[in-house]
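Scroll down for the structure; my scribbles are underneath it.
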Amino acid sequence: MLTGFITILLLIAFLSAIVYDRLVVKHRKIDAVFGNPERANGGYHWVLAGSCSILLLWLYFSWDIARSYYPQSANELCQVAKVRESVLGINYIFPIDQRTLKSTDFIERETKKINLLKIEINNADLNIKGKTQLLSFLTKSQLMIVALSDEKNLKKETQSKIDLVAEKLSSLILKFQSDNFPKEKSKEEKEKRKKLLENQTDWGATGMEIPPYPVTKRGEKFESASIEMNVIVEEFFQIKNDHKKFIDLSLNLKNELKEFKNKLTESQTLERDYLRKISKISGRISRSNIFPSKSLDSVEKAVKEFDKVQKVEQGNLRVIDTFLFPAGTIVASGETCSEQGAGRWLPKPTDTLRIFLDLLKPSVGYKNFPMLWYQFIGFNEVIDFIVPDWLADLLPGEYPVHSSNGEIEPNFKKHALNIVSGEFDSFKIPVPTGHIWDSFLRVFLGLSLGVIAGVPLGLFMGLSRFAKGYFDPVIELYRPVPPLAWAPLIITVFGIDNSGKVFLLFMVSFAIMIVSARAGASGTQLSKIHAAHSLGASKWQILRQVIFPNSLPEILTGIRVSIGVCWGTLVAAEFLAGTTGIGFVENVARKYMQYEHIWITIFVMGMLGLLFDLAMRWLITRTIPWRGKG
């Protein structure tokens, strides 16, 4: 019910945002003309509306709304699917799921093939005797069809069996419409069903599987109908139209074909080819089990009536299936049922959230590693990671040596070395860990290194003929190459640890930042530079106060572009080689078809990308507030 309550809240929030916008448009005066960027400011209610619409669509197409408001609907649709499966074979015979009777369609198709083969044989380069014999075989094949289609040849015993099946179908229809169907079960049957239901979980508790045993009165009715229908359909397909005339024609033709084949020589390849085609046609007719069209009228009428009745008995379940199970339904295969359509490949938000919360825990995680958690490490380890050990070497003096009695007296330089190398006792601090943190850290480090190295070089190339000519060929040579083309080489050189992935991300962001910074520097208005010169500014002042501020829009836009490219590259790199990270999780989940885990990784990547982008938007607003106002 929590999902149902959330659905109502989302719908109210979505409609409220639309109503609020109409009120804003009605009462607020807009001074900005069309094309002014100020018109795009605000509108946070539309952010709410957009987010709510995405969540509502996800809830709807994943069938989570159906599960929330009608938790037993999937189980009932499972029993309906069992009925649908039980009549599938017999429906195929009659013009219910297709336009014509199956026998009629078969006769039309085979007659057309016989006539075409007759024309082909008549035009073939064959002797008169062989041609006449082959055409005779085709004529006898047609006579077999006629023998099966003629009502006079149908045995009374066969017609009685057909009528008995129709009576059983009519009896099932009457029982199906009764409120007392199915009849009361025996004590043993009740105990058996009770044990089955005790071991059966609710819809969604087992992932995508649907609880197969009925839990409602309507479900029990459809299950019982499917059991009886399976028996009737099996009995119907045991009936054969094997009257004497057809059997005699079939045996005679088979013997004649065999005799004709034995008389053929090795050189008569054309006759052998036609004989093979005629044998296939006669074989299909022998196995077709064609009935006279009117002989099956009673069964056809009963099957159509059953189809109407079962639809009526579904009641509001048909409406639920139509509107709350979009792009699919529940299908049955034997005793099991499953989701077929959008609900199968689009995990439900509630299941996804539950699995995601489990993956966050260190006790569960993914491959014994949490998605995102924290661990306590000593502050000395942080110092050891951040501060390089060679700083202690810069201090004056020598490191202590041991005395004659084997004791070492530490001095100031030794104490400094202990500090920078983390060799001291300290308090512990919480530090993030997990797949998400590893991917985030790789992107952040690769992007930061790319910005730190790419922006100065890009500005230099935008201002210097030497830098542009010297570095441009190298940059433009590797920039168009897709990052994944470098991935195997870099992983081979650096290994599968973090250094290779960070270096790959550095290469991606480095090229983008060079192009952005170079475009910003070369696009600075010349009038501003001349004005700064006339005011006596030095080269450093011009670079810092004129060129760099004017390049910031291009640089920050380049960072936003780099973020997206870095995320795509990182996931691909973790696909190729990695033991942690979002890409690693998605790759393993893909192998084991864990759709919820795949959607979780997609959602996490989207959220992290959005957080990066929101941070960049805030930075752009703070650093270049004049953009678009010049």
(Q) What's the total number of residues in the stretch 517-538 that are of a type in the set (D, E, K, R) and modelled with pLDDT of 85 or more? (A) 1
Q: Could you look through the stretch 86-100, keep only residues that are surrounded by fewer than 18 Cβ atoms within 10 Å (Cβ to Cβ) and either touching a residue at least 40 places away in the same chain (Cβ under 8 Å) or not hydrophobic (A, V, I, L, M, F, W, C) (or both), and pick out the one that is farthest from residue 216 (Cα to Cα)?
A: 100
Q. Restricting to the stretch 404-429, what's the tally of residues that are aromatic (Phe, Trp, Tyr) and in contact with a helix residue (DSSP H, G or I) (Cβ under 8 Å, 6 or more places away or on another chain)?
A. 2
Q. Any idea which of (1) within 30 Å of residue 93 (Cα to Cα); (2) touching a helix residue (DSSP H, G or I) at 6+ places or on another chain (Cβ under 6 Å) is the one residue 203 doesn't satisfy?
A. (1)
Q.
Report every pair of residues separated by at least 6 positions or lying on different chains whose Cβ atoms are under 6 Å apart, first residue within the stretch 483-506 and part of a helix (DSSP H, G or I), second of a type in the set (D, E, K, R) and open to solvent by less than 50 Å² (accessible area, probe 1.4 Å).
A. 501/442; 502/442
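Residues checked against (1) in a strand (DSSP E or B); (2) at pLDDT below 90; (3) open to solvent by 90 Å² or more (accessible area, probe 1.4 Å); (4) touching a helix residue (DSSP H, G or I) at 6+ places or on another chain (Cβ under 8 Å):
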| residue | (1), (2), (3), (4) |
| --- | --- |
| 326 | no, no, no, yes |
| 330 | yes, no, no, yes |
| 339 | yes, no, no, yes |
| 350 | no, yes, no, yes |
| 353 | no, yes, yes, no |
| 364 | no, yes, no, yes |
| 368 | no, yes, yes, no |
| 371 | no, no, no, yes |
| 376 | yes, yes, yes, no |
Q) Based on what the data block shows, is residue 254 surrounded by 14 or more Cβ atoms within 10 Å (Cβ to Cβ) and not polar (S, T, N, Q)? A) yes
Q. So which residues in the stretch 472-482 are touching a helix residue (DSSP H, G or I) at 6+ places or on another chain (Cβ under 6 Å) and either assigned to a helix (DSSP H, G or I) or buried (at least 16 other Cβ atoms within 10 Å of the Cβ) (or both), if there are any at all?
A. 475
Q: Return yes or no: is residue 496 surrounded by 16 or more Cβ atoms within 10 Å (Cβ to Cβ) and among the β-branched types (Val, Ile, Thr)?
A: no
Q. Scanning the stretch 573-615 for residues that are open to solvent by less than 20 Å² (accessible area, probe 1.4 Å) and among the aliphatic types (A, V, I, L, M), which turns out farthest from the chain's Cα centre (by Cα)?
A. 577
Q) In the stretch 396-413, how many are surrounded by 10 or more Cβ atoms within 10 Å (Cβ to Cβ), in contact with a strand residue (DSSP E or B) (Cβ under 8 Å, 6 or more places away or on another chain) and in a loop (DSSP other than H, G, I, E, B)? A) 1
**Q.** Odd one out for residue 497 among (1) modelled with pLDDT under 85; (2) among the charged types (D, E, K, R); (3) farther than 23 Å from residue 433 by Cβ
**A.** (3)
Q: Test each condition in (1) open to solvent by 50 Å² or more (accessible area, probe 1.4 Å); (2) assigned to a loop (DSSP other than H, G, I, E, B) for residue 357 and report the one that comes out false.
A: (2)
(Q) I'd like the full set of residues that are open to solvent by 10 Å² or more (accessible area, probe 1.4 Å), of a type in the set (Gly, Ala, Ser) and modelled with pLDDT of 85 or more, limited to the stretch 28-85. (A) 50, 51, 53, 68
Q. Just checking, how many residues over the stretch 137-158 are of a type outside the set (A, V, I, L, M) and more than 17 Å from residue 280 (Cβ to Cβ)?
A. 9
Q) (1) of a type outside the set (Gly, Ala, Ser); (2) over 25 Å from residue 609 (Cα atoms); (3) touching a Gly at 6+ places or on another chain (Cβ under 7 Å): which one isn't true of residue 471, the others all being true? A) (3)
Q: Considering each of 210, 121, 173 in turn, give the residue that is within 45 Å of the chain's Cα centre (by Cα), aliphatic (A, V, I, L, M), over 21 Å from residue 295 (Cβ atoms) and open to solvent by less than 60 Å² (accessible area, probe 1.4 Å).
A: 210
Q. Limited to the stretch 301-319, what total is found for residues that are surrounded by 18 or more Cβ atoms within 10 Å (Cβ to Cβ) and farther than 19 Å from residue 330 by Cβ?
A. 3
Q) Of these, 227, 239, which one is hydrophobic (A, V, I, L, M, F, W, C), open to solvent by 90 Å² or more (accessible area, probe 1.4 Å) and over 30 Å from residue 3 (Cβ atoms)? A) 227
**Q.** Residue satisfying condition, being in contact with a Pro (Cβ under 9 Å, 6 or more places away or on another chain) and on the phi < 0 side of the Ramachandran plot, within set 271, 300
**A.** 300
(Q) Pairs needed: first member in the stretch 105-124, touching a residue at least 12 places away in the same chain (Cβ under 8 Å); second member anywhere, surrounded by 17 or more Cβ atoms within 10 Å (Cβ to Cβ) and among the aromatic types (Phe, Trp, Tyr); C-beta distance under 7 Å; at least 6 residues apart or different chains. (A) 121/274
Q: Name the residue, out of 217, 221, that is open to solvent by 60 Å² or more (accessible area, probe 1.4 Å) and among the basic types (Lys, Arg).
A: 217
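The values are calculated or read from the model by the stated rules, or taken from the named source; none is laboratory data. These numbers were taken from a predicted model, which means no experiment stands behind them. Don't worry about glycine lacking a Cβ; one is built from the backbone with ideal geometry, like all the others, and counts go over all protein chains shown. Accessible surface is based on the protein model in full, side chains and every heavy atom, while ligands, DNA and RNA are left aside. Shrake-Rupley method; radii C 1.70, N 1.55, O 1.52, S 1.80 Å.
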